[in-house]
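Read the figures in this text as sums done on the coordinates, not as results from a lab. As the structure is a computational prediction, the values presented were derived from the model and not from experiment. Please note: Cβ atoms are built from the backbone with ideal geometry, for glycine as well, and neighbour counts cover all protein chains shown.
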């Protein structure tokens, strides 16, 4: 009887435990459901769990980005942001969103205070940082702006696009240029992204170039990739002289000694990403490599008994109006080129061929080949190795090896050329 009485007394406790477990399970389920839709359907997530801070942030962001129909009342957005702040007082995102609402209402002073408060609560809150950078730039406090930019990009390196349009303004003054240069000389992890962002705009290109030239005179020499990014920006803008000038002024002493109308014409140095240096890559049909060991010293192209329509060995050059000679020293071993192999000088804009020298098939050593050509109404050119194939066809298989020991372009006197 005592055992039966004990069981009866324990029954309410067991029911309470099971009920609590059931409630907890339901809460976990509701929380999980709310989390699963907090980005795609934040309003539904909030109905499931009004305490879901991420869902409330997503809902406010959606409303501010104009994704909700009908457009919400600003006062309602303020109330929603304050409700989120009351529920999560240490979540800087709500302070930042409240600042964004105030800014859109025209109260910039209140907005900046809220952004500053968000930054104090969380020094890496993204939206607050971006707005404080813009505000500091607007009032001319470039040192503060650059300091905040450093914080933002160390934490959010891929979020530069939001303030990209303001970057030229930060560098417009000598103080801004020096402040940015001081940070870049410390080689922050975001330096390459920053220079690439500058190079995407016409206003930013000369600023990026100036920074690279300053860095090239310091211990924090720019990387080949950084130089190439800005050089390519100039080329896209068809500012060919600026591109070539930056390339030349950032060469090392050793590389500067290899330059001419064709850079590294003896193929005796490693390629770089710059279009004014040799660009090459192997393909499934042709292996391209630079070799310093005789008898293969130079640029070697080994064909793999396949149709070789795509051969990747080229360089951008700048030749002014005048007459020139293109010359190459070539060796070959069992070279079979059924549709031809040749060096081509092409005008970039408009695209057209202005010179060509054929590479002979067979086996031979140190053969000199050359041709003369005229440049007129062509701001920039490319020198590239090409085949005569216009489409891949297994009827025309390229095989053997060609070695180019040197390739150069020299300007010649029209009278001397006999034309």
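For a paramagnetic label modelled on residue 401 (point 7 Å from Cα along Cα→Cβ), amide N atoms under 15 Å away belong, within the range 332-360, to 332-336. Residues 306, 238, arranged from fewest to most other Cβ atoms within 10 angstrom of their Cβ, appear as 238, 306.
Subtracting the Cα-Cα distance of residue 210 and residue 141 from their residue separation scaled by 0.36 nm leaves 22.7 nm.
When the alpha carbon coordinates of the range 317-419 are projected onto the principal axes, the ranges are 41, 30, 21 Å, largest first.
What FRET efficiency, computed as 1/(1 + (r/R0)^6) with R0 = 30 Å and r the Cβ-Cβ distance, is obtained for residue 218 and residue 165, rounded to the nearest 0.05? My answer for the efficiency is 0.60.
Determine which residues of the range 336-361 fall in the zone a paramagnetic label at residue 392 would reach in this model, i.e. backbone nitrogen under 18 Å from the point 7 Å along Cα→Cβ. Answer for this model: 338-339.
Assign one of three labels to the range 125-213, namely rounded, prolate or oblate, based on the Cα gyration tensor with a ≥ b ≥ c the square roots of its eigenvalues; rounded applies when a/c is under 1.5, prolate when it is not and a/b is larger than b/c, and oblate otherwise. Because its axes are fairly even, with a/c under 1.5, the range 125-213 counts as rounded. In this calculation the C-beta distance from residue 256 to residue 90 is compared with R0 = 51 Å, giving a FRET efficiency of 0.35. Here r is the Cβ-Cβ distance between residue 356 and residue 249 and R0 is 30 Å; the resulting FRET efficiency, rounded to 0.05, is 0.40.
Working from label points 7 Å from Cα in the Cα-to-Cβ sense, the residue 108 to residue 333 distance is 7.1 nm. The residues 240, 324, when put in order of fewest to most other Cβ atoms within 10 Å, stand as 240, 324.
Spatial offset of the range 123-176 relative to the range 316-393 amounts to 48 Å, using the alpha carbon center of each. Length available on full extension from residue 412 to residue 306: 0.36 nm per residue minus the Cα-Cα distance, which gives 34.3 nm. Counted by neighbouring Cβ atoms within 10 Å, the residues 180, 375, 90 run from fewest to most as 90, 375, 180.
Each of residue 348 and residue 281 was given a label point 7 Å from its Cα along the Cα-to-Cβ line. The distance between the two points is 1.8 nm.
Put a dot 7 Å past the Cα of residue 382, heading toward its Cβ, do the same for residue 368, and the two dots end up 3.0 nm apart.
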